[in-house]
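Written out below as structure tokens is the structure these notes cover.
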Amino acid sequence: MDLDAVLRESIVKICGVPADQVSPASTLDDLGIDSLTAAEIITDVEIRAGIELPMDVLRGLGRMRTVGEVTAHLQAGVGPAEVHSGP
């Protein structure tokens, strides 16, 4: 499963923004994502992708500014072999 697509789908679902407004260059601030919303999005990503992210990956999210940075950070923490289709 493509974590970028899963992340963007979760943002659209939870934040209620149009899909065409969510790109790798979109800033989390522009999308209205605060720390509470980010936690909800990450939980949704874990469920949709069928993964469990390590705590050190989750702690690093506070430094992320764009959707692309979050995707890269999640992918680095999970590794491609662990990403699979959801339930």
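The values are calculated or read from the model by the stated rules, or taken from the named source; none is laboratory data. Note that the structure is predicted; figures quoted are calculated from it, not measured. Note: ideal-geometry Cβ built from the backbone for every residue, glycine included; neighbour counts use all protein chains shown. Accessible surface areas use protein heavy atoms only, side chains included; no ligands, DNA or RNA. Shrake-Rupley method; radii C 1.70, N 1.55, O 1.52, S 1.80 Å.
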- For Asp29 and Ala5, compute 0.36 nm times the residue count separating them, minus their Cα-Cα distance, and round to one decimal in nm. 6.7 nm
- Query: Near Thr27, within a Cβ-to-Cβ distance under 10 Å, what is the net charge of the other residues, with Lys and Arg +1 and Asp and Glu -1?
  - Reply: -2
- Task: Specify, per residue and in Å³, the volume enclosed by the convex hull of the alpha carbon atoms belonging to the chain.
- Result: 81
- Treating only Lys and Arg (+1) and Asp and Glu (-1) as charged, each at its beta carbon, one finds that the chain has a dipole about its Cα centre, in Debye to the nearest 20, of 80
- Note on the structure: Tilt, helix 35-49 to longest principal axis of the chain (alpha-carbon atoms), in degrees rounded to tens, equals 40
- Message: Probe radius 1.4 Å, ligands and nucleic acids ignored: give me the carbon and sulfur share of the accessible area of the range 1-66 as a rounded percent.
- Response: 53
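Given 0.36 nm per residue, what is the gain on full extension from Asp56 to Thr37 after removing their alpha carbon distance, in nm? Spell out each step's value before the answer.
On the way: separation 19, 0.36 × 19 = 6.84 nm, distance 1.86 nm.
Length gained, Asp56 through Thr37: 5.0 nm.
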